[in-house]
There are 2 protein chains.
Amino acid sequence: MVNVAVLGYGTVGSGVVEVLGRNREQISGKTGEEIQVRYILDLRDFPGDPYEDRVVHDFNLILEDAEISVVCETMGGVGAAYQFTKQALMAGKSVCTSNKELVAMHGTELLALAAEHHCNYLFEASVGGGIPLLRTIQNSLTAERIQAVTGILNGTTNYILTKMEKEHADYGEVLKKAQELGYAERNPEADVEGHDTCRKTAILASLVTGKTVDAAKIETEGITGVTQADFDFASKKGLRIKLLSVIKVEEDGKLLAVVAPFLLTEEHPLAVVEDVFNGVLVTGNMLGDTMFYGRGAGKLPTASAVAADVIDCARNRGRTVMEGWSREEAELVDIKELKSRFYVRTSSDCAETVEEAFWGGEGAAASEGILWGKEYGFFTPAMKEKEFDEKCRKLGEMVLSRIRLL
Amino acid sequence: MVNVAVLGYGTVGSGVVEVLGRNREQISGKTGEEIQVRYILDLRDFPGDPYEDRVVHDFNLILEDAEISVVCETMGGVGAAYQFTKQALMAGKSVCTSNKELVAMHGTELLALAAEHHCNYLFEASVGGGIPLLRTIQNSLTAERIQAVTGILNGTTNYILTKMEKEHADYGEVLKKAQELGYAERNPEADVEGHDTCRKTAILASLVTGKTVDAAKIETEGITGVTQADFDFASKKGLRIKLLSVIKVEEDGKLLAVVAPFLLTEEHPLAVVEDVFNGVLVTGNMLGDTMFYGRGAGKLPTASAVAADVIDCARNRGRTVMEGWSREEAELVDIKELKSRFYVRTSSDCAETVEEAFWGGEGAAASEGILWGKEYGFFTPAMKEKEFDEKCRKLGEMVLSRIRLL
């Protein structure tokens, strides 16, 4: 018998209890023993809930119960969740979580604590929801030198961009609908400004490099600046606009990590990832591209990933299976030194001035410019970001928007 | 130090040696110790090859070397490969292989031998080539009741079908080109008749059900009967034709397993899997659909999967990590009792007769029939396969072709 405590009986926490209950037979077959939820920690009571009798309000009950070997931290946040996780690991109890914020902020320390106390800190659900991505990178692609990971990691923003494209609707309008459907939160900032994708990028990049990647140092841009006019241009060019997490390990070992909207071709494997789905393309030096696709969020898919972590802990008691990453910090490529091509949009009045600023006397045939209504859009030559930014600074409000080409 | 022997220095075998060599640093980091190829068993000599000095001709050398803990069986076939695998496992040496024929035929026995001798029989490369599929089902989707697996598992036939569709070319013509490019073998039977997909289906179905699935009992149909006229119909209907492996676990625990060409909509996630790529859709009761996509064959992707198995063995010495499946045989659904809709093609002369045979007096508006040139194609109502077959038998040569709708 493996005894489990669930911290937080919200969406994911109640999902974990449901998955462990509904697939009990399957799970005990896989684990070799029964997994039982002994405690559910929450501030609230849940009268009438089938697990009502497991609800407790004091974390110390869990901490002091020597028979609890696995704790599911499904509270969220970086306050109490951080304290409880540390205490559990220090008591030799494995912790499984979907809390990407905590993993991105304190993962290095918590992984080290787990190793020190011969238990596990597992967080499959923190990136890609139900898509089994982290364990695959850690345990399956072990013979590969992973060169790049390119992913759509946030369902909310992917839903918004998909609807903007398909329904020719404006950002604000689609956001409102997404909020009504429960796909976006009332305060959507963490999603639409790219912070959620940034945290997931930090976790993935840490796992790929084996070093600590500070989320705060990842260049992050959200989707609030993407307009219907940008989709007009994209559709005329056979391109899609996606909020991507781009991770590349350069030959010299430096790490490139960027979160931003990108233009990609319709043939790109990630172009077909629509609505709330997530997709992740992993590039290895032997394997080439492999893609993983599925539900990146949602109660049961996320809970299924947490439950898989619980099973992994149960199968590996006293054994740290998650190698994770070291305290050494990964060296990041300075994105300002990076060469990219950009799409730039301006008004038809300024078309000549803006295009010339990027192409000079070279003539603009190579810019593939398009005029529609009062809009003019074109591609710049490949140039360093710092040069691009400098030109944009000089052009001021004449540049209405710009998006990188993948 | 982990000492490895590679049996067979052909495409995959030499790939394994190359991957272990080129990614040595990465791999020893992941494994915690160095992995070294001590022997390469082959009938030939390889003068000038950098590993020339490791080549041996006598398997007993390997068997009797107590320091060899892992053997890579990359010989193929079910003769010597079977004997060597059994002997290695009985000596407590783990075996990693890409040999789907052997796994499909003797996997049950070999898995039991590995468990008995506290070592491993691993075969990630046998299904989906470089796509990490088996380990994911075994170790990541552990909290799921897997309800279905639908896959494009053979790159050769997918290449042929893709070219037939895109280039409006005939089967024979495309096959010849595929042979010239090395995508199809000179004797293409195993691929085009569906046998290769059938073996992979048996392995996947065994893993999903935890029971033995006999490949010989899986309804298997290849692509040799698919014509350009069928693609004409499909394209007019916005459908694709793919050779699919279809695995379903019914509510009563019975297993449906079929290999055949299917018509699927352009929106189906597998519709975008083109050329030599493989794609597999796994449906779990909590997770919904998750898709895995990548190179299903090729020297280095396949070798990377074998090498990942070697690393898994090295990390788990003395411990059987592959649960596999039991000797109990899975009960198969009788496909003749299954209800499906079919597309049927006939000549314009016989259109009325053939359509009426399936739709009777009901009128044929529901058949969505199309006439083009001298061809007529339509859909049947949902009906049991045995009834469908009986009607086709009566209609004889009037039925030019038929393909199931997914």
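The values are calculated or read from the model by the stated rules, or taken from the named source; none is laboratory data. These figures come from a predicted structure and were not determined experimentally. Virtual Cβ from ideal backbone geometry, glycine too; neighbours counted across all protein chains shown. Calculation scope for accessible area: heavy atoms of the full protein, side chains included, ligands and nucleic acids excluded. Shrake-Rupley method; radii C 1.70, N 1.55, O 1.52, S 1.80 Å.
Yes/no matrix, rows are residues, columns are (1) more than 13 Å from the chain's Cα centre (by Cα); (2) charged (D, E, K, R):
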{"residue": "A:D214", "(1), (2)": "yes, yes"}
{"residue": "A:K217", "(1), (2)": "yes, yes"}
{"residue": "A:I223", "(1), (2)": "yes, no"}
{"residue": "A:A229", "(1), (2)": "yes, no"}
{"residue": "A:L239", "(1), (2)": "yes, no"}
{"residue": "A:I247", "(1), (2)": "no, no"}
{"residue": "A:H268", "(1), (2)": "yes, no"}
{"residue": "A:A271", "(1), (2)": "yes, no"}
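Listed by position, the helices (runs of 4 or more DSSP H) enclosed by region B:125-201 that each have at least 1 residues that are open to solvent by less than 40 Å² (accessible area, probe 1.4 Å), touching a residue at least 40 places away in the same chain (Cβ under 8 Å) and in contact with a strand residue (DSSP E or B) (Cβ under 9 Å, 6 or more places away or on another chain) are B:134-139, B:155-167.
Looking only at region B:35-69, residues that are under 24 Å from B:N316 (Cβ atoms), part of a loop (DSSP other than H, G, I, E, B) and either open to solvent by less than 60 Å² (accessible area, probe 1.4 Å) or within 14 Å of chain A (Cβ to nearest Cβ) (or both) come to 1 in all. Checked against (1) outside any strand (DSSP E or B); (2) under 30 Å from B:L281 (Cβ atoms), A:F233 meets all criteria but (2). Only residues that are open to solvent by less than 10 Å² (accessible area, probe 1.4 Å) and under 13 Å from the mean Cα position of the chain (by Cα) were counted in region B:103-123, giving 2. B:E101 satisfies every condition listed in (1) within 14 Å of chain A (Cβ to nearest Cβ); (2) in contact (Cβ under 8 Å) with a residue 12 or more places away in the chain except (1). With respect to A:A112, is the statement that it is more than 30 Å from A:I152 (Cβ to Cβ), in contact (Cβ under 8 Å) with a residue 40 or more places away in the chain and either in a helix (DSSP H, G or I) or of a type in the set (G, A, S) (or both) true? Yes; evaluated as a whole, the condition is true for this residue. Of the set (1) surrounded by fewer than 24 Cβ atoms within 10 Å (Cβ to Cβ); (2) farther than 16 Å from B:C96 by Cβ; (3) facing another protein chain (nearest Cβ under 10 Å); (4) over 16 Å from the mean Cα position of the chain (by Cα), all apply to B:R315 but (2).
Cβ separations smaller than 7 Å between residues 6+ apart or across chains give the following pairs from region A:1-27 residues that are closer than 12 Å to A:M75 by Cβ to residues that are of a type in the set (K, R): A:A5/A:R38; A:T11/A:K299; A:V12/A:K299.
Note on region A:271-282: residues that are closer than 27 Å to A:F379 by Cα and crowded, with 22+ Cβ neighbours inside 10 Å total 3. Residues that are in contact with a strand residue (DSSP E or B) (Cβ under 8 Å, 6 or more places away or on another chain), small (G, A, S) and more than 14 Å from chain A (Cβ to nearest Cβ) do occur in region B:249-272. Please determine whether any residue of region A:284-293 is of a type in the set (S, T, N, Q), out of contact with any Cys (no Cβ under 9 Å at 6 or more places or on another chain) and within 14 Å of chain B (Cβ to nearest Cβ). So far as region A:284-293 goes, yes, one or more of its residues are of a type in the set (S, T, N, Q), out of contact with any Cys (no Cβ under 9 Å at 6 or more places or on another chain) and within 14 Å of chain B (Cβ to nearest Cβ). Applying the criterion of at least 1 residues that are basic (K, R) and open to solvent by 50 Å² or more (accessible area, probe 1.4 Å) to the strands (runs of 3 or more DSSP E) found wholly in region B:328-406 leaves B:401-405. Among the residues of region A:348-366, none qualifies, meaning not one is more than 14 Å from chain B (Cβ to nearest Cβ) and more than 27 Å from A:E385 (Cβ to Cβ). With respect to B:T97, determine if the residue is among the hydroxyl-bearing types (S, T, Y), out of contact with any helix residue (DSSP H, G or I) (no Cβ under 6 Å at 6 or more places or on another chain) and crowded, with 24+ Cβ neighbours inside 10 Å. Taking the combined requirement at face value, the residue satisfies it.
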